[in-house]
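> Below you'll find the structure I mean.
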Amino acid sequence: MRLSPVQRIENISSEDFIKNYLKPSKPVILKDFAAPESPAFEKWNYEYFKEIAGEHKVNIYGSEIESLDRIASKPIGQSTFSEYLDLITSSPTEHRLFLFNLLSIKPELKNDIIYNDVTKGKIIKWLPFMFFGGEGSVTRNHVDIDMSHVFITQFQGIKRIWLFPWEQSDLLYKLPYNFHSITNIKEPDFKEFPGLKYINGYEAVIQPGETLYIPSGWWHYIQYETEGYSVSVRALPSSWLEKWRVFKNLVLIRNFDNVMRNLFKEKWFDFKVRKARRKANRAIKRQKSFQI
């Protein structure tokens, strides 16, 4: 497995961003996608969040290793938002918030972020998502089911993100009819999953104020180096191939997998694992043939 650092840029024009990163699907860190004068950088902090939404109930998510056969893991508990913020600031924890969107609960907060939209209006600014995690928490290696282009802006703490192109899905042991890998990408077992020896990707470490652009269909594994939170906005896929993948993922694959899992349970999961291994072995043979 080889990882290259993601390039950092600033003051790029829309034309150059679209030409050099959006169209060729190349990740990049934008240092000024969220304008430095955005009120959020001065206004937002944990005490402020407690004041405006501390009593809201939130679902707590932990390790996703135990839920490999599901598109999303189940919550492991519940607390108030204020209690959760106290938890992640007191000690390292794998606990994360998923699908708790403070920006939907308090929509006025959306006005606190000013975007330098380098996509010429493709960004869906009215639909941001917010993510919180404790130091050491991770999000398993996955592709987003809606195949959107994603812009993740870090506001508190540091995140380390590994990125891999869609074309390496087989080598990553993509679970068929799902959108994540069955491998532990952080501590790879090359004997158990030899395909991982052949993957090439990128590593991005994003600091507060920086934004990582993740192209449509790219795999990403996320680790919280410290506790923190980020905001992501999306741009819809533009090519017909990407749009077909969106329809297939949301309408066909997801529903088909739910039916088969309910009918066959563990047998269906075992079948998918065997299929992932077969596809990886074929991809390894192709890699070896290229090297001859």
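> Between residues in the stretch 143-155 that are assigned to a strand (DSSP E or B) and residues that are acidic (Asp, Glu) and surrounded by fewer than 21 Cβ atoms within 10 Å (Cβ to Cβ), which pairs lie under 7 Å by C-beta distance while being six or more apart or on different chains?
Filtered contacts from the stretch 143-155: VAL150/ASP144.
> The conditions are (1) surrounded by 21 or more Cβ atoms within 10 Å (Cβ to Cβ); (2) of a type in the set (Val, Ile, Thr); (3) without any contact (Cβ under 8 Å) to a residue 60 or more places away in the chain, and VAL231 fails exactly one of them. Which is it?
(3)
> Do you know which residues across the stretch 117-134 are touching a strand residue (DSSP E or B) at 6+ places or on another chain (Cβ under 6 Å) and farther than 18 Å from ASP32 by Cα?
If the condition is that a residue be touching a strand residue (DSSP E or B) at 6+ places or on another chain (Cβ under 6 Å) and farther than 18 Å from ASP32 by Cα, then PHE129, MET130, PHE131, PHE132, GLY133, GLY134 are the ones that fit.
> Further question: Hey, among ILE145, ILE114, which residue is among the β-branched types (Val, Ile, Thr), surrounded by fewer than 22 Cβ atoms within 10 Å (Cβ to Cβ) and at pLDDT 95 or above?
ILE114
> Continuing with this model, one more query. Can you name the condition, by its number, that ILE158 falls short on among (1) in contact with a Lys or Arg (Cβ under 9 Å, 6 or more places away or on another chain); (2) at pLDDT 95 or above; (3) surrounded by fewer than 23 Cβ atoms within 10 Å (Cβ to Cβ); (4) aliphatic (A, V, I, L, M)?
Of (1) in contact with a Lys or Arg (Cβ under 9 Å, 6 or more places away or on another chain); (2) at pLDDT 95 or above; (3) surrounded by fewer than 23 Cβ atoms within 10 Å (Cβ to Cβ); (4) aliphatic (A, V, I, L, M), only one is false for ILE158: (1).
> Let me ask something else about it. Enumerate the strands (runs of 3 or more DSSP E) found wholly within the stretch 1-65, keeping only those where 1 or more residues are free of Cβ contacts under 8 Å to residues at least 60 places away in the same chain and more than 30 Å from MET147 (Cβ to Cβ).
It comes to 57-61.
> Another question, then. Within the group ARG286, ARG261, ARG234, ARG282, which residue is touching a strand residue (DSSP E or B) at 6+ places or on another chain (Cβ under 6 Å) and of a type in the set (Lys, Arg)?
Selected residue: ARG234, the only one of ARG286, ARG261, ARG234, ARG282 that is touching a strand residue (DSSP E or B) at 6+ places or on another chain (Cβ under 6 Å) and of a type in the set (Lys, Arg).
> Now, a different point. Out of all the residues in the stretch 107-122, which are in contact with a helix residue (DSSP H, G or I) (Cβ under 6 Å, 6 or more places away or on another chain) and assigned to a loop (DSSP other than H, G, I, E, B)?
ILE113, VAL118, LYS120
> Scan the stretch 191-208 and report the pairs whose first residue is under 16 Å from GLN168 (Cα atoms) and whose second residue is part of a loop (DSSP other than H, G, I, E, B) and of a type in the set (Ser, Thr, Tyr), with Cβ atoms within less than 7 Å and a gap of 6+ or a chain change.
Once the first residue is under 16 Å from GLN168 (Cα atoms) and sits in the stretch 191-208, its partners that are part of a loop (DSSP other than H, G, I, E, B) and of a type in the set (Ser, Thr, Tyr) give PHE193/TYR173; PHE193/THR183; GLY195/TYR173; LEU196/THR183.
> A further question follows. Give all pairs with beta carbons closer than 6 Å in which a residue from the stretch 118-136 that is on the phi < 0 side of the Ramachandran plot meets a residue that is in a loop (DSSP other than H, G, I, E, B) and surrounded by 18 or more Cβ atoms within 10 Å (Cβ to Cβ); count only pairs at least 6 apart in sequence or on separate chains.
So the pair list comes out as GLY134/HIS95; GLY134/GLU227; GLU135/GLU227.
> At pLDDT 95 or above, of a type in the set (Lys, Arg) and under 20 Å from PHE155 (Cβ atoms): is that true of LYS19 in this structure?
The answer is no for LYS19.
> Which residues, taken from the stretch 94-109, are over 19 Å from the mean Cα position of the chain (by Cα) and buried (at least 16 other Cβ atoms within 10 Å of the Cβ)?
LEU109
> Sticking with this structure for a sec: In the stretch 207-228, which residues are over 20 Å from LYS125 (Cβ atoms) and crowded, with 20+ Cβ neighbours inside 10 Å?
GLY217, TRP218, TRP219, HIS220, TYR221, ILE222, TYR224, GLU227, GLY228
> How many of the residues making up the stretch 156-171 are charged (D, E, K, R) and without any contact (Cβ under 8 Å) to a residue 60 or more places away in the chain?
Matching residues across the stretch 156-171 total 1.
> Any chance you could count how many residues in the stretch 270-287 are in contact with a helix residue (DSSP H, G or I) (Cβ under 6 Å, 6 or more places away or on another chain) and within 9 Å of TYR173 (Cα to Cα)?
Final tally of qualifying residues: 1.
The values are calculated or read from the model by the stated rules, or taken from the named source; none is laboratory data. This structure is a prediction, so every number in the text was calculated from the model and none was measured. Methodologically, a virtual Cβ is constructed for each residue, glycine included, from the backbone with ideal geometry; neighbour enumeration extends over all protein chains shown.
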